[in-house]
1. For Val101, enumerate residues with amide H under 5 Å from its amide H, sequence gap 5+ or separate chain, H modeled in the peptide plane.
2. Over the Cα atoms of region 52-215, what is the Rg over Rh ratio if Rh follows Kirkwood?
3. Go through Lys127/Lys209; Lys124/Lys216; Lys63/Lys209; Lys180/Lys209; Lys106/Lys127 and tell me which ones have a Cα-Cα distance over 26 Å in this structure.
4. Whose amide H sits under 5 Å from the amide H of His176, counting only residues 5 or more places off or on another chain, with H placed in the peptide plane?
5. Between Asp152 and Ile80, how many nm apart are label points set 7 Å from Cα along the C-beta direction?
6. Please turn the phi angles of region 209-216 into ³J(HN,Hα) values with the Karplus equation 6.51 cos²θ - 1.76 cosθ + 1.60 (θ = phi - 60°), one per residue in order, whole Hz, x for glycine and proline.
7. Along the Cα→Cβ direction, 7 angstrom out, place labels at Glu208 and Lys72. What is the inter-label distance in nm?
8. Could you check the spin-label model distance between Glu97 and Leu144? Points 7 Å from the Cα along Cα→Cβ, value in nm.
Amino acid sequence: MKNLLSYLLPLLLLAACGGEPAAPARDSHPHSHSNATTGNSTHAGHNMPAADSADGGHGGHTKITFNWDELKPPVPAGEIVDLKNTLDPVTRKPIAEPGKVSADYKGYRVHFESEATRARFTRKSLKYLNALSLEPQTDGSVKLVDATNWIDRVTETCPLMEGSEVDPHGTVYLLHRGYKIFFCCWTGCGDGFMQDPARYYDWYGLVEKDGRLQLK
């Protein structure tokens with residue numbers, strides 16, 4: 001009987017206290033590096049800085065809901081410009097049969113190595129634009145640029161995902177007014193930046209002067 005009571009007593013106490021003990025809280029900002037090859041990430045529950053945070057907009061917890069790819073820019077006038085790209089913008093591998101698989105995208109003809117990579121580009125074009133030297137605009141359009149001498153703006157951590165490190169050798173960046181703006185991942189960072197680029201200029205050491213974006 002004594003042994004039975006010693007077994008039942010903890011169960012009775014647990015029931016009286018309201019059931020199972022609480023599980024430890026999870027970190028809402030998983031820490032991982034961006035993938036230098038595909039740009040994929042393990043980030044979940046992606047957050048961006050709150051506009052009214054005390055440090056000027058960095059480190060908040062506002063959900064990114066803006067999707068740049070959903071913007072509908074004005075239909076470009078004139079003929080489609082063939083980019084004649086020989087590397088697939090998704091895999092960055094040579095295209096075996098140029099012209100076999102292509103898509104017209106916002107005034108430009110883009111070529112792919114397969115139907116699968118064309119589908120991936122169509123689903124989320126923003127993450128592949130730098131491979132085509134296309135600069136996204138805030139109205140949803142794109143502009144062909146020569147980014148040969150554009151300046152890398154890489155920070156240790158991403159302003160749109162607090163504490164997440166940025167891979168300086170990766171492909172997670174956007175072309176923006178003469179600079180390559182790097183992020184930690186594609187899970188909303190590019191979209192958040194394009195929603196209001198000027199909000200993050202200070203973080204990247206940039207300043208607007210006389211209509212031009214310059215290093216501070």
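Coordinate-derived values only; no laboratory data. Bear in mind that the values here come from a model prediction, so they are computed numbers and not experimental data. Neighbour counts are summed over all protein chains in view; Cβ atoms, including those assigned to glycine, are modelled from backbone coordinates with ideal geometry.
1. Phe112
2. Values: Rg = 16.4 Å, Rh = 16.8 Å.
Result: Rg/Rh = 0.97.
3. Numbers: Lys127/Lys209 28 Å; Lys124/Lys216 32 Å; Lys63/Lys209 31 Å; Lys180/Lys209 18 Å; Lys106/Lys127 15 Å.
Exceeds cut-off: Lys127/Lys209; Lys124/Lys216; Lys63/Lys209.
4. Amide H to amide H, under 5 Å and 5 or more residues apart or across chains, His176 pairs with Ile181.
5. Taking the simple label geometry, Asp152 and Ile80 are separated by 3.5 nm.
6. 9, 6, x, 10, 8, 10, 6, 6
7. Taking the two extended label points, one gets 2.7 nm.
8. The answer from the label model is 2.5 nm.
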